[in-house]
1. Can you tell me which condition residue 120 does not meet? The list is (1) free of Cβ contacts under 8 Å to residues at least 40 places away in the same chain; (2) near the ligand (Cβ under 8 Å from one of its atoms), and all the others hold.
2. State yes or no: is residue 56 polar (S, T, N, Q), within 18 Å of the chain's Cα centre (by Cα) and in the same structural domain as residue 168 (by TED's automatic domain parsing)?
3. Among the residues in the stretch 129-137, are any away from the ligand (no atom under 15 Å from the Cβ) and not β-branched (Val, Ile, Thr)?
4. Here's a check for you: in the stretch 161-177, which residue that is within 14 Å of the chain's Cα centre (by Cα) and buried (at least 24 other Cβ atoms within 10 Å of the Cβ) is farthest from the ligand (Cβ to nearest atom)?
5. In the stretch 65-122, how many are of a type in the set (A, V, I, L, M), surrounded by 14 or more Cβ atoms within 10 Å (Cβ to Cβ) and over 17 Å from residue 163 (Cα atoms)?
6. Would the stretch 195-208 turn up any residue that is part of a loop (DSSP other than H, G, I, E, B) and in the same structural domain as residue 78 (by TED's automatic domain parsing)?
7. Looking only at helices (runs of 4 or more DSSP H) that fall completely inside the stretch 1-99, which ones have 3 or more residues that are of a type in the set (D, E, K, R) and at pLDDT 95 or above?
8. Considering the stretch 52-79 alone, what residues qualify as being among the hydrophobic types (A, V, I, L, M, F, W, C) and more than 16 Å from the ligand (Cβ to nearest atom)?
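The values are calculated or read from the model by the stated rules, or taken from the named source; none is laboratory data. Just so it is clear, the structure is predicted and the values come from calculations on it, not from any experiment. Cβ: placed from backbone, ideal geometry, glycine included. Neighbour counts: every protein chain shown.
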Amino acid sequence: MPLFKRTLSEFLFRRFVLKHYGSNLLVDLQLDAKKETIDYVKANMPDAPYFEKHPQLVKFVVNEASLPGLYLEFGVGRGKSIRWIGADAGRTVYGFDSFDGIPEYWNGNPVGAFAQKKLPKVPDNVKFEIGLFDKTIPGFLQEHEDPVAFLHVDCDLYSSTVTIFDALGPRLQPGAVVLFDEYYNFPRWQQHEYKAFQEFVGKSGVKYEYIGYSVTGQQVAVRILENPIFTGG
Ligand SMILES: C[S@@+](CC[C@H](N)C(=O)[O-])C[C@H]1O[C@@H](n2cnc3c(N)ncnc32)[C@H](O)[C@@H]1O
């Protein structure tokens, strides 16, 4: 048989294993991230409920956030998660976003990724605070004196998450629930939402527990147990 003629199995091996698996960096970057995530889960959240489906995790977490107070989402984008939250919250949900997309590179995405041409359709109990977080949060907090009951962090970036916790840390009441959309299980997860939250915990002395996590995605939820910098709203 001439050298250039390949059997079907050789062809498939070259096309799918060598080309699409062997030389694709994303596969191993993601497998490394998964391994680091598994180690983290085993060490830090062995008994928390886990979820395979994203909407079920969000529903569970929203039901856990039963205290009076503000329901906030940072990173509205196409509005998928705020529609789920709005449907179960039983109160107003405030969604913060510039709708211009992420202001920095993140996880292989360019500046402006997730930008929206028009505002997403949402239930009547969802209100938008449009602009960069550092511009919209101060005025919002002046107008709304309540503590935070539920916080959804879905802005991807370290810097944006730092802005959120710097501003809202004193409003996070014990019992508040925080859901992160990109906490772990992607390359360099330790540098983004996770890092900003852990730094906030270190600085504030906040105590928290893990109350739910995704085994198929990047989502993790915590409940705030003690907050020495809580000002009462
Ligand atoms: C991944 S998207 C959110 C997805 C959304 N929760 C959904 O379910 O469709 C991230 C969003 O965060 C917003 N964002 C990130 N950093 C921001 C900042 N500092 N100020 C305002 N918006 C920001 C981006 O504009 C983008 O829409």
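1. Answer for residue 120: the failing condition is (1).
2. Against the criterion (polar (S, T, N, Q), within 18 Å of the chain's Cα centre (by Cα) and in the same structural domain as residue 168 (by TED's automatic domain parsing)), residue 56 qualifies.
3. Looking through the stretch 129-137, none of the residues is away from the ligand (no atom under 15 Å from the Cβ) and not β-branched (Val, Ile, Thr).
4. We begin by selecting, within the stretch 161-177, every residue within 14 Å of the chain's Cα centre (by Cα); these are 161-162, 164-165, 177.
Retained after the next criterion (residues that are buried (at least 24 other Cβ atoms within 10 Å of the Cβ)): 161, 164, 177.
Working: 161: 9, 164: 9, 177: 16 Å.
Selected residue: 177.
5. Residues in the stretch 65-122 being of a type in the set (A, V, I, L, M), surrounded by 14 or more Cβ atoms within 10 Å (Cβ to Cβ) and over 17 Å from residue 163 (Cα atoms): 10 in total.
6. So in the stretch 195-208, the residues part of a loop (DSSP other than H, G, I, E, B) come out as 205-206.
Within this subset, residues satisfying the condition of being in the same structural domain as residue 78 (by TED's automatic domain parsing) are 205-206.
Yes, because at least one residue in the stretch 195-208 is part of a loop (DSSP other than H, G, I, E, B) and in the same structural domain as residue 78 (by TED's automatic domain parsing).
7. Answer list for the stretch 1-99: 25-44, 80-89.
8. 60, 65, 67, 70
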